[in-house]
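*Asks:* Encoded as structure tokens, here's the structure I'll be asking about.
The values are calculated or read from the model by the stated rules, or taken from the named source; none is laboratory data. Keep in mind that this is a model prediction, so the values were computed, not measured. We place every Cβ from the backbone using ideal geometry, glycine too, and count neighbours over all the protein chains shown. Note: accessible area is taken over every heavy atom of the protein model, side chains too, but ligands, DNA and RNA are not part of it. Shrake-Rupley method; radii C 1.70, N 1.55, O 1.52, S 1.80 Å.
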Amino acid sequence: MKLNFYRHQVATALLAGMVLGLAPTNPSAWAHVGADYYYDAGGRLTYVNLGGGKSIEYIYDSSSNLLRKTVTVFADSDTDQMNDAWEQHYFTGLTRTGAADFDNDGMSDLNEYLAGTDPTDAQSLLQTTLLKEGGGHYSLEWPTVPGKRYLLQYKNDLNSPTWTNAFDPFTATSTQSSFYDESSTGATKRFYRLFIVPET
Ligand SMILES: [Ca+2]
Ligand SMILES: [Ca+2]
Ligand SMILES: [Ca+2]
């Protein structure tokens with residue numbers, strides 16, 4: 001059973017609290033220095049965005065030994081964080097800056113690049129549908145891009161500083177994902193945010 005009024009009410013709050021962008025593997029306790037350094041809950045550096053299409057990702061084992069350091073470089077001659085080849089493909093040039101929303105779907109061109117969606121198709125975007133199930137749980141559905149990693153977090157009070165991971169980040173293998181939030185039973189309100197997180 002769907003309670004449409006409640007769905008609308010919560011969905012509005014959900015969109016207000018939704019965050020899209022690069023995030024560390026465990027953003028529940030991340031520190032963010034400047035705009036480009038990401039740390040995990042143990043204070044380990046996990047990701048650096050150097051700009052100009054260059055980024056470094058650090059992978060550790062359970063003893064905090066560095067297992068792998070991955071340097072990613074793509075051509076970004078206009079330093080807008082969007083791969084020039086991607087810009088050429090969709091916009092046949094490099095005039096877009098990332099901040100604007102070419103297809104007016106509510107996602108900036110840069111966020112569409114990060115999410116792997118089509119910046120020229122208003123039907124292609126990262127959005128969620130929130131439902132209240134008959135048993136009193138919430139469930140969410142959202143379109144996914146195979147190969148992208150997703151993390152969902154929630155909290156019941158917007159004033160609380162702590163977000164809880166709904167699940168460990170997963171890499172999508174299909175174009176649609178859903179999450180049945182059993183822990184939401186009895187919650188009168190719940191706020192969700194969905195991340196795209198770096199690959200491991
Ligand atoms: Ca670029
Ligand atoms: Ca858009
Ligand atoms: Ca789009």
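*Asks:* Return only the number of the condition from (1) open to solvent by 50 Å² or more (accessible area, probe 1.4 Å); (2) over 30 Å from T185 (Cα atoms) that Q127 does not satisfy.
*Replies:* Of everything listed in (1) open to solvent by 50 Å² or more (accessible area, probe 1.4 Å); (2) over 30 Å from T185 (Cα atoms), Q127 misses just condition (2).
Every residue, every condition in (1) of a type in the set (D, E, K, R); (2) more than 22 Å from the chain's Cα centre (by Cα); (3) open to solvent by 60 Å² or more (accessible area, probe 1.4 Å), yes or no:
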{"residue": "D61", "(1), (2), (3)": "yes, yes, no"}
{"residue": "L66", "(1), (2), (3)": "no, yes, yes"}
{"residue": "V71", "(1), (2), (3)": "no, no, yes"}
{"residue": "D78", "(1), (2), (3)": "yes, yes, no"}
{"residue": "N83", "(1), (2), (3)": "no, no, no"}
{"residue": "F91", "(1), (2), (3)": "no, yes, no"}
{"residue": "T95", "(1), (2), (3)": "no, yes, yes"}
{"residue": "D101", "(1), (2), (3)": "yes, no, no"}
{"residue": "N104", "(1), (2), (3)": "no, no, yes"}
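*Asks:* Taking D109 as the residue in question, decide whether it is acidic (D, E), farther than 20 Å from Y150 by Cα and within 16 Å of ligand 3 (Cβ to nearest atom).
*Replies:* Considered against the rule, which asks whether it is acidic (D, E), farther than 20 Å from Y150 by Cα and within 16 Å of ligand 3 (Cβ to nearest atom), D109 comes out as no.
*Asks:* For D157, indicate whether it is exposed (fewer than 12 other Cβ atoms within 10 Å of the Cβ) and of a type in the set (D, E).
*Replies:* yes
*Asks:* Among the residues of the range 137-149, which ones are small (G, A, S) and open to solvent by 20 Å² or more (accessible area, probe 1.4 Å)?
*Replies:* Residue satisfying the conditions is G147 alone.
*Asks:* Still on this structure, please answer the following. Whether any residue in the range 124-141 is out of contact with any Asp or Glu (no Cβ under 9 Å at 6 or more places or on another chain), more than 16 Å from ligand 1 (Cβ to nearest atom) and without any contact (Cβ under 8 Å) to a residue 24 or more places away in the chain is what I want to check.
*Replies:* No, there is no match, as no residue in the range 124-141 is out of contact with any Asp or Glu (no Cβ under 9 Å at 6 or more places or on another chain), more than 16 Å from ligand 1 (Cβ to nearest atom) and without any contact (Cβ under 8 Å) to a residue 24 or more places away in the chain.
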